[in-house]
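Worksheet for the structure shown next.
Coordinate-derived values only; no laboratory data. If you're wondering where the values come from, they're calculated on a predicted model, not measured in any experiment. Don't worry about glycine lacking a Cβ; one is built from the backbone with ideal geometry, like all the others, and counts go over all protein chains shown.
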Amino acid sequence: MDTGPLAIKRVILGFLASWYSIVFLSNTFDLLKELAILPASFAFHSGNFGLIEKVTSVHQFPHSINIILLLGVILLEGFIAFLFWRAFSGIKTDLQQGAPKAQSAYFWGISLWCLFLVFDEFFLVYRVFDGEYLHFCILIFHLLSYQFVMKP
């Protein structure tokens, strides 16, 4: 079994593809619960809609806007999951053939976490919960893993 740098790069891309897929699903189920499409007893959901409601209450955002915000995040996370799966499957024997796909996945992933941090500041998230710290950690992981994965 290959355990060299290319294999580790594939592990990182596979991890991010899997992670974004799970986040996409858990947020989707959370939204479906909020819309009463899934029963309230449905166990696998993120709980992020409740956090969005708390955070946006600083500026009195209406319920409908919060649904749109979560839907937008879900669409982005699904798209990013797709891009990381594409990058994972595109890097078979050397990085060069899959580099553009990995570049695209990282661009959108890093952009999402930068956007979250801007929203964190706008909504004064630190007053509600420690989400800003978590978002910084995820952004830093993306930046560090990007440096390793894209290194020839």
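Arrange 86, 127, 10 by Cβ neighbour counts within 10 Å, fewest through most, would you?
With the fewest neighbours first, 86, 127, 10 line up as 127, 86, 10.
Put +1 on the Cβ of each Lys and Arg and -1 on the Cβ of each Asp and Glu in the chain; which of 70, 137, 82 then has its Cα farthest toward the positive end of the dipole?
82
Run the Debye formula on the Cα coordinates of the chain, all scatterers equal and no solvent, and tell me log10 I(q)/I(0) at q = 0.14, 0.16 1/Å.
Evaluating at q = 0.14, 0.16 Å⁻¹ gives log10 I(q)/I(0) of -0.73, -0.90.
Could I have the simple spin-label model distance between residue 126 and residue 38, label points 7 Å from Cα toward Cβ, reported in nm to one decimal?
3.3 nm
Where is the GNM fluctuation largest for the chain (alpha-carbon springs, 10 angstrom cutoff): 46, 18, 64?
In this elastic network of the chain, the residue with the biggest mean-square fluctuation among 46, 18, 64 is 64.
Given a Förster radius of 41 Å and the C-beta distance between residue 134 and residue 92 as r, what FRET efficiency does 1/(1 + (r/R0)^6) yield to the nearest 0.05?
E(calc), rounded to 0.05, equals 0.80.
Taking +1 at the Cβ of each Lys and Arg and -1 at the Cβ of each Asp and Glu, which of 57, 19, 7 sits farthest along the dipole of the chain towards its positive end, judged by Cα position relative to the Cα centre?
Checked the options; the winner is 7.
Excluding residues on the same chain fewer than 8 positions from residue 33, give the lysines whose Cα lies under 21 Å from its Cα.
Within the straight-line limit of under 21 Å, residue 33 reaches these lysines: 54.
What does the helix-only formula give at 222 nm for the chain: each DSSP H stretch with n ≥ 4 adding -39500 (n - 2.57), the total divided by the residues, and the result rounded to the nearest 500 deg cm²/dmol?
Calculated mean residue ellipticity at 222 nm is -26500 deg cm²/dmol.
What ranking do 143-151, 24-32, 51-59 get when scored by the average of other Cβ atoms within 10 Å per residue, highest first?
24-32, 51-59, 143-151
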